């Protein structure tokens, strides 16, 4: 007792500290289970997380449960050094005339990023969601609705969306969550634009977010 105030014993104080620590650890573990693991420096992680948040809690939880990881390469890293799959099947990727700003490796459920530009992060994570929705294969490759929408599309939300089913899905999903780079020469990919030029795909994505990716 000090000045009429009862001080906690050292044992009680230690118990409170440990209890608080355990609560923090449990909350951290819950948050980790609800989001994909991100390996990046602090500044890069902030940029990546800001883009991932655009997809919503349901999409992040689905990706986390599917084992999706996001790895930001350090300046000295190469894709083939960080990815066993790329080392095996695409060992020359780092020597391409224009090395990719990002890649999603299906076999590893991993997004590799050299750039943290919003468009790159969103596009590659959209591939990861495509794989998560398909249970380890791209949903866009097996879902007849998406295949039919791609075949019948008269216009595409971005030029890259026309290059294949997987890129079509990724770019349409990027438009749905409205992630763009300020200085990109491509038209802004927005939900409104997607609904105007590709209403069939917009309807599919609306359904996915209502049922499969619900928060």
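Being in contact (Cβ under 8 Å) with a residue 40 or more places away in the chain, out of contact with any helix residue (DSSP H, G or I) (no Cβ under 9 Å at 6 or more places or on another chain) and closer than 22 Å to residue 194 by Cβ is the requirement here; does residue 63 meet it?
On the way: in contact (Cβ under 8 Å) with a residue 40 or more places away in the chain: yes; out of contact with any helix residue (DSSP H, G or I) (no Cβ under 9 Å at 6 or more places or on another chain): no; closer than 22 Å to residue 194 by Cβ: yes.
Taking the combined requirement at face value, the residue does not satisfy it.
Do we have residue 121 as touching a strand residue (DSSP E or B) at 6+ places or on another chain (Cβ under 8 Å) and either modelled with pLDDT under 95 or crowded, with 21+ Cβ neighbours inside 10 Å (or both) here? Step through it out loud before you land on a result.
On the way: touching a strand residue (DSSP E or B) at 6+ places or on another chain (Cβ under 8 Å): yes; either modelled with pLDDT under 95 or crowded, with 21+ Cβ neighbours inside 10 Å (or both): yes.
Criteria met by residue 121.
Are there any pairs with C-beta distances below 9 angstrom linking a residue in the stretch 175-193 that is at positive phi and modelled with pLDDT of 95 or more to a residue that is crowded, with 17+ Cβ neighbours inside 10 Å and part of a loop (DSSP other than H, G, I, E, B), with the two at least 6 apart or on different chains, and if so which?
That search, which allows pairs on different chains as well, returns 178/189; 178/190.
So, of the residues in the stretch 172-184 that are closer than 16 Å to residue 101 by Cα and surrounded by fewer than 14 Cβ atoms within 10 Å (Cβ to Cβ), which turns out to be farthest from the chain's Cα centre (by Cα)?
Across the stretch 172-184, the extreme among qualifying residues is 183.
Could you list, in sequence order, all residues of the stretch 74-88 that are in a loop (DSSP other than H, G, I, E, B) and surrounded by fewer than 21 Cβ atoms within 10 Å (Cβ to Cβ)?
74, 75, 76, 77, 78 - these are the residues of the stretch 74-88 that are in a loop (DSSP other than H, G, I, E, B) and surrounded by fewer than 21 Cβ atoms within 10 Å (Cβ to Cβ).
Identify all residues within the stretch 89-115 that are surrounded by fewer than 21 Cβ atoms within 10 Å (Cβ to Cβ), touching a residue at least 40 places away in the same chain (Cβ under 8 Å) and within 16 Å of residue 76 (Cα to Cα); write none if there are none.
Answer for the stretch 89-115, where residues must be surrounded by fewer than 21 Cβ atoms within 10 Å (Cβ to Cβ), touching a residue at least 40 places away in the same chain (Cβ under 8 Å) and within 16 Å of residue 76 (Cα to Cα): just 114.
Can you find a residue in the stretch 190-206 that is within 27 Å of residue 37 (Cα to Cα) and in a helix (DSSP H, G or I)?
yes
For the structure I just gave you, tell me whether residue 54 is at pLDDT below 95 and part of a helix (DSSP H, G or I).
The answer is no for residue 54.
What are the pairs, 6+ residues apart or on separate chains, where a residue within the stretch 29-49 that is in a strand (DSSP E or B) has its Cβ under 8 Å from a residue that is loosely packed, with under 14 Cβ neighbours inside 10 Å and modelled with pLDDT of 95 or more?
Nothing qualifies.
Surrounded by 12 or more Cβ atoms within 10 Å (Cβ to Cβ), at pLDDT 55 or above and more than 27 Å from the chain's Cα centre (by Cα): is that true of residue 15 in this structure?
Taking the combined requirement at face value, the residue satisfies it.
Could you tell me whether residue 108 is more than 22 Å from residue 170 (Cα to Cα) and at pLDDT 60 or above?
So residue 108 fails the test.
The values are calculated or read from the model by the stated rules, or taken from the named source; none is laboratory data. Since the structure is predicted, the reported quantities are computational estimates derived from the model, not experimental observations. In this analysis, Cβ positions are derived from the backbone assuming ideal geometry, glycine residues included, and neighbour counts consider all displayed protein chains.
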